[in-house]
Amino acid sequence: MAPPRLRFAPSPTGYLHIGGARTALFNWLYARRFGGRFVLRMEDTDRERSTPESVRAILDGLRWLGLDWDEGPEVGGPHGPYFQSERTALYREFAEQLIRERKAYRCYCTKDELDERRRIFEKLGRPYKYEGICRDRTDEPDRPFVVRLRLPDQGAVRFDDLVCGAIRKEISDLYDEVLCRSDYVPLYDFGCVIDDHAMGITLVGRGQEHINSSFPQLVLYDYLGWAPPAFAHFPLILGPDREKLSKRLHPEADVMLHRRNGILPEALLNFVVRLGWSHGNDEVISRAQMIEWFDFDHVGTTSGVWNPEKLLWLNQQWLKQKSPAELEAPFLEQLREKGFSAEPGERLRGIARAQQERSHTLAEMADLSSYFFAEPEPDPKARAKFLTAETRPILQRIRDELAKLGSFDAAAVEPAFKAVAEALALGMGKVAQPVRVALTGGTVSPPIQDLVALLGRETALARLDRAIGSI
């Protein structure tokens, strides 16, 4: 059997949608597992809404997720061009062939005429389907027209879907769909059939909302004498409100919003792959495991529901697994996004190490780390409780011990705290908490020795002096 060829063919009219990302992921995983090719194609025929900025947003989103493509924009390949707007001559060739063979025809009905007929049917309480008025009209190529598919007079269209099983629809339930406009710019059903055949696509994986598109597409494959690809239609993704996840209703539909919110790409892929696919009781699933395990057998037909708490939990699991070196770049991105002056290096990796166990997202990690990069504003309650006349001697004693240290790493700092606690006959908590408030403005931080070492001698001593002076 030849290696499979799969594709992701988004319309570049905005950001990369979560549903599109999952479609890309499922196709990418299947191609990677079975040694196939993953093709990226831009269906950019909506001239009003398709933009270079949207193309860039989709490419950036896929690259952030780590979904590389074997053929397509910026990569090239033997089946280009990979933008539908550059393939109009091909659509014209096949549209005219279908017209000559009386498998399609030019339709001259105006929008106003169609709207009027639609209103008449609505008054009768019936859904409107185009009646084939222009099927036998004489061609008038100089008049505005669209090219419509001429369906068979009877019969049915059926196929075996790799996810949904056997699917069938009677020809009488279909209508003569528009294939392309007068300029031969294709609509979805026509363009993707021509391109999928020209690009050798053997398996089309897409959302269940496209099931009805399969019927006219299969008619086209038959008319053109081409073997159709296999089909796999994936379940919908619903928002937390159980409505279909949409750009209009759900901000979380934007893949790159999650990057801005501090979600790791591994966590988002892990979350998205589980919206419709499962592997036993496994929850935290690596990219390598996805490739090893993925098949359409375990893609369900029930819609997946967006669960923000589950995404945060998964992200926390992935944060815990990462080394500080792996977190350095995305952590730095979050800090700079929040306006903090931070630089890569051992200190930044140390802060990441100290905070990663306590954070759900990189954004939360950056917020929790703010006092490492800017003077903290003390919490009034913490200040009233821990920066008092009773704690002033503790702060002074700690300040003096720290000032004596030759080395200022955590291993040197910890004995200084223990020495003060023993000298004052206090528990470590009684010593550490006033210092923590003095240094961070709050009552929560990494272990006190790590906190002090990461702040550094100059900053730690200066903040202790300010706290002592303010009591």
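The values are calculated or read from the model by the stated rules, or taken from the named source; none is laboratory data. Everything numeric here is computed off the predicted structure, so don't read it as measured data. Glycine also receives a Cβ, built like all others from the backbone with ideal geometry; neighbour counts cover every protein chain displayed. When the accessible area is computed, the model is the full protein with side chains, heavy atoms only, and any ligands, DNA or RNA have been set aside. Shrake-Rupley method; radii C 1.70, N 1.55, O 1.52, S 1.80 Å.
Considering segment 187-220, the residues that are farther than 15 Å from Ala95 by Cα and in contact with an Asp or Glu (Cβ under 7 Å, 6 or more places away or on another chain) include one that is least open to solvent (accessible area, probe 1.4 Å), namely Val204.
Kindly provide the set of residues from segment 334-348 that are free of Cβ contacts under 8 Å to residues at least 24 places away in the same chain and open to solvent by 40 Å² or more (accessible area, probe 1.4 Å), ordered by number. Of everything in segment 334-348, those that are free of Cβ contacts under 8 Å to residues at least 24 places away in the same chain and open to solvent by 40 Å² or more (accessible area, probe 1.4 Å) turn out to be Arg336, Gly339, Glu343, Pro344, Glu346. When each of Asp241, Asp222 is tested for being acidic (Asp, Glu) and assigned to a loop (DSSP other than H, G, I, E, B), the lone residue that passes is Asp241.
Within segment 308-340, the set of residues being assigned to a loop (DSSP other than H, G, I, E, B) and out of contact with any Leu (no Cβ under 9 Å at 6 or more places or on another chain) comprises Ser323, Lys338, Gly339, Phe340. Screening Ser323 with (1) surrounded by fewer than 18 Cβ atoms within 10 Å (Cβ to Cβ); (2) of a type in the set (Gly, Ala, Ser); (3) touching a residue at least 24 places away in the same chain (Cβ under 8 Å) gives one miss only, at (3). Within segment 404-428, being open to solvent by 50 Å² or more (accessible area, probe 1.4 Å) and not basic (Lys, Arg) holds for Gly406, Ser407, Asp409, Ala411, Glu414, Pro415, Glu422, Ala423, Leu424, Ala425, Leu426, Met428. Among the residues making up segment 140-159, those that are in contact (Cβ under 8 Å) with a residue 40 or more places away in the chain and out of contact with any Cys (no Cβ under 6 Å at 6 or more places or on another chain) are Leu149, Arg150, Leu151, Pro152, Val157, Phe159. Restricting to segment 433-449, name every residue that is part of a loop (DSSP other than H, G, I, E, B), open to solvent by 10 Å² or more (accessible area, probe 1.4 Å) and either among the aliphatic types (A, V, I, L, M) or farther than 17 Å from Lys418 by Cα (or both). Answer for segment 433-449, where residues must be part of a loop (DSSP other than H, G, I, E, B), open to solvent by 10 Å² or more (accessible area, probe 1.4 Å) and either among the aliphatic types (A, V, I, L, M) or farther than 17 Å from Lys418 by Cα (or both): Gly442, Thr443, Val444, Ser445. Filtering segment 107-161 down to residues that are in a loop (DSSP other than H, G, I, E, B) and of a type in the set (Phe, Trp, Tyr), which residue is surrounded by the most Cβ atoms within 10 Å (Cβ to Cβ)? That would be Phe145.
Residue pairs whose Cβ atoms lie under 7 Å apart, separated by 6 or more positions or on different chains, with the first residue in segment 284-302 and open to solvent by 40 Å² or more (accessible area, probe 1.4 Å) and the second among the acidic types (Asp, Glu), are Arg287/Glu266.
Restricting segment 357-368 to residues that are closer than 12 Å to Trp318 by Cα and open to solvent by less than 10 Å² (accessible area, probe 1.4 Å) leaves a set whose member that is nearest to the chain's Cα centre (by Cα) is Leu362. Under the condition of being in contact with a strand residue (DSSP E or B) (Cβ under 6 Å, 6 or more places away or on another chain), more than 30 Å from Pro3 (Cα to Cα) and buried (at least 19 other Cβ atoms within 10 Å of the Cβ), the residues counted in segment 221-277 number 2. Taking (1) open to solvent by less than 40 Å² (accessible area, probe 1.4 Å); (2) assigned to a helix (DSSP H, G or I) in turn, Glu401 satisfies each apart from (1).
Residue pairs whose Cβ atoms lie under 7 Å apart, separated by 6 or more positions or on different chains, with the first residue in segment 184-195 and among the hydroxyl-bearing types (Ser, Thr, Tyr) and the second in a helix (DSSP H, G or I), are Tyr184/Thr88; Tyr184/Tyr91; Tyr184/Arg92; Tyr184/Ala95; Tyr188/Ser213.
Of all residues in segment 382-395, those satisfying the criterion of being surrounded by fewer than 16 Cβ atoms within 10 Å (Cβ to Cβ), out of contact with any Ser or Thr (no Cβ under 9 Å at 6 or more places or on another chain) and in a helix (DSSP H, G or I) are Ala384, Pro393. Residues in segment 72-89 that are among the acidic types (Asp, Glu) and farther than 16 Å from Phe38 by Cα: Glu86 alone.
Here Gly77 fits the description: surrounded by fewer than 18 Cβ atoms within 10 Å (Cβ to Cβ) and in contact (Cβ under 8 Å) with a residue 12 or more places away in the chain. Restricting the search to segment 369-381, which residues are part of a helix (DSSP H, G or I) and open to solvent by 60 Å² or more (accessible area, probe 1.4 Å)? Within segment 369-381, Pro380, Lys381 qualify.
Scanning segment 12-43 for residues that are without any contact (Cβ under 8 Å) to a residue 60 or more places away in the chain, touching a Ser or Thr at 6+ places or on another chain (Cβ under 7 Å) and either surrounded by fewer than 21 Cβ atoms within 10 Å (Cβ to Cβ) or at positive phi (or both) returns a single hit, Thr13. Just so you know, in segment 454-471 the residues that are free of Cβ contacts under 8 Å to residues at least 60 places away in the same chain and hydrophobic (A, V, I, L, M, F, W, C) include one that is farthest from Ala432 (Cα to Cα), and it is Ala462.
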